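Everything below concerns the one structure shown next.
The values are calculated or read from the model by the stated rules, or taken from the named source; none is laboratory data. What you see is a predicted model; the values in this text were computed from it and never measured. All Cβ positions, even for glycine, are placed from backbone atoms using ideal geometry, and neighbour counts span all protein chains on display.
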Amino acid sequence: MAEGTEPSREDVAERVRREVDRAIKRNIKGLEFLTAGRQEVGAMKKELVHREGTAMLYRFTPIVDEIYRVPLLIVSPPSNKGYIFDLAPGQSMVEYLLQRGFDVFNLDWAPPRHDESHLGLSDYVDRFIPDSMARIEEITGERDVTLAGYCMGGTLATIHAALHMGEGKANRIRNLLLFATPIDFSTMRLFQKWADQKHFDVDMMVDRLGVIPPELMLGAFDLARPANRTAGRMHLWTNMWNDEFVRSYRMFDRWAAETLPVPGEYFREQIKKLMWDNGLVNDRLEIAGRLAHLSAITCPILNIIAQHDHVVSREAAGPLMTLTGSTDREEIISKGGHVSLVAGPAALRRLWPLIDDWLGKRSV
């Protein structure tokens, strides 16, 4: 149509017809989304090789003939399901690592029973992680292990390393691989406001509830980004035509909705020892009568931070590069947000090849 020319009735009618057709199809897609069952997750075959209370250790079945000598143990955050590392073919960090010859284990968690409300930090770092590493040694014959963790799983891995590193220990930590791992909790400002000592009575909450429900954890994340859920739904609506986008959205939405409850004592110590006292950075974190010194961590460290992480900022994860005793430390700032470090096609293109290169040299 020439510039300045009025559209004909036929042009207007065709435009209206297209918009009506688009609206009908979008609504049909929306109904399909609302009536669909849970999105299937999980790409790779795995076996439960150890179970102790709430802790579940899985080994993913190797898919190549030659695998690296040093196995890799990924510690999930206690509040989240471990399938975030293995969403679907093409969006699975586990799949990527298996294809490149890594022997991958995942320490995952079942919802704690009420009689497990007493489980605290020491149970995770002195029992669940070392027992999993001992089981890995039984399976592989290797004492060395690369210990990895995501978010609070990374914090637990770091605390364990600070307490258990050294040649004389039962297992040796060859490498420490951390994703979006909070260390300096004073910089997590929105969470600090949410758990402010002036109004947050954590003792009363834990004593009354025993096990902390997932709704409380989800509320904290919603407080961090109050418009995030609405914006996500709007983004979904505008991309309802894209079946691949909808599929990914449903997988991530399922993972977020399946947030786990956590033991009350673990939650209490997380708030008091990490959030309020900032014990890791201040060198005051006491676990079962011992101090966890970051300076005791001397193994190679790869610290991966998301550039647009609204949960764990670079400042929160940064002390891994300054306060640990390692002389082999590397930090990667990756585009994306808190979850996209460990899931999705973008991570496959940008981040996972860097992990493969770094870890492969240190896993022989």
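Quick notes on this one:
- If you go through region 116-151 and pick out every residue that is among the charged types (D, E, K, R) and within 19 Å of Leu274 (Cβ to Cβ), you end up with 3.
- Residue match in region 83-92 (condition: of a type in the set (Phe, Trp, Tyr) and at pLDDT 95 or above): no
- Leading residue by the ranking (nearest to Val211 (Cα to Cα)) among those in region 59-69 that are in contact (Cβ under 8 Å) with a residue 40 or more places away in the chain and surrounded by fewer than 23 Cβ atoms within 10 Å (Cβ to Cβ): Arg59
- Filtering region 331-349 to residues that are closer than 21 Å to Val311 by Cα, modelled with pLDDT of 80 or more and not aliphatic (A, V, I, L, M) leaves Glu331, Ser334, Lys335, Gly336, Gly337, His338.
- Residue ID - nearest to Leu177 (Cα to Cα), chosen from residues in region 321-331 that are surrounded by 16 or more Cβ atoms within 10 Å (Cβ to Cβ) and in contact with a helix residue (DSSP H, G or I) (Cβ under 7 Å, 6 or more places away or on another chain): Arg329
- Selected residue (criterion: nearest to Thr146 (Cα to Cα)) from residues of region 253-306 that are in a helix (DSSP H, G or I) and among the β-branched types (Val, Ile, Thr): Val281
- Residues within region 342-364 that are crowded, with 16+ Cβ neighbours inside 10 Å and part of a loop (DSSP other than H, G, I, E, B), tallied: 5
- Against the conditions (1) modelled with pLDDT under 95; (2) out of contact with any strand residue (DSSP E or B) (no Cβ under 8 Å at 6 or more places or on another chain); (3) more than 21 Å from Ala288 (Cα to Cα); (4) of a type outside the set (Val, Ile, Thr), Arg143 satisfies every one except (2).
- When Ala288, Ala256 are screened for being at pLDDT 65 or above, of a type outside the set (Ser, Thr, Tyr) and either surrounded by 17 or more Cβ atoms within 10 Å (Cβ to Cβ) or closer than 30 Å to Ser92 by Cβ (or both), only Ala256 passes.
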